[in-house]
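Here the structure comes first, spelled out in structure tokens, and everything after it is commentary.
The values are calculated or read from the model by the stated rules, or taken from the named source; none is laboratory data. All values derive from a computational prediction rather than experimental measurement. Methodologically, a virtual Cβ is constructed for each residue, glycine included, from the backbone with ideal geometry; neighbour enumeration extends over all protein chains shown. Only protein heavy atoms, including side chains, enter the accessible area calculation; ligands, DNA and RNA are left aside. Shrake-Rupley method; radii C 1.70, N 1.55, O 1.52, S 1.80 Å.
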Amino acid sequence: MRITVLGGSGFLGSRTVEALRRAPGVEVQVASRRGPLVVDATRPETFEALKGSEVVVDLIDATTVPPDALARWCVAQGIVFVEATSDRPALERLG
């Protein structure tokens, strides 16, 4: 299973990536605005880099970078999208 973590170099993200990498049968990628796997949640043209992922975990701050377009794209591609925000307006929109 390939899991891509957005925000995987941050405080929570780095710990999430570390834990996922210990799981058997899991390949973990870290995506960010600055390579090597470039995905910018504000630029839908970068979402293609997520193809081949089975799960995308979004640990980017949803209060400054709304996850709506990224979530729609993932769902349309059949990719499981996991949003880790506690931002109520973002969760209500995604719901």
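Find how much the distance from Thr42 to Arg22 grows on full extension, using 0.36 nm per residue of separation minus their present alpha carbon separation; answer in nm with one decimal.
Numbers: separation 20, 0.36 × 20 = 7.20 nm, distance 3.04 nm.
My answer for the length gained is 4.2 nm.
For the chain, what is the mean residue ellipticity at 222 nm derived from helices alone (per DSSP H run of n ≥ 4: -39500 (n - 2.57); sum divided by total residues; nearest 500 deg cm²/dmol)? It would help to have the intermediate numbers written out before the result.
On the way: 3 runs with 28 residues, N = 95.
Per the formula, -8500 deg cm²/dmol.
Over the range 3-62, what percent of the accessible surface lies on carbon and sulfur atoms, probe 1.4 Å? Before the final figure, lay out each step's value.
Working: 1800 of 3280 Å².
That fraction is 55 percent.
Between Val75, Val38, Val56, find the one with the highest GNM mean-square fluctuation for the chain; connect C-alpha pairs within less than 10 Å.
Per the Cα network of the chain with a 10 Å cutoff, Val75 tops the list.
Taking a label point 7 Å from the Cα of Leu12 along the Cα→Cβ vector, which residues of the range 42-70 have an amide N closer than 18 Å to it?
Residues 42, 56-70 fall inside that zone.
Please list, ordered by chain and number, the residues whose modelled amide H lies under 5 Å from the amide H of Val30; skip anything fewer than 5 residues away on the same chain.
Long-range HN contacts for Val30: Val5.
Which label belongs to the value computed from this structure, given these candidates for Cα extents along the principal axes in Å: (i) 42, 28, 25; (ii) 57, 36, 15; (iii) 35, 25, 25?
(iii)
What whole-number value in Å² describes the accessible area per residue of the chain for a 1.4 Å probe?
The answer is 58 Å² per residue.
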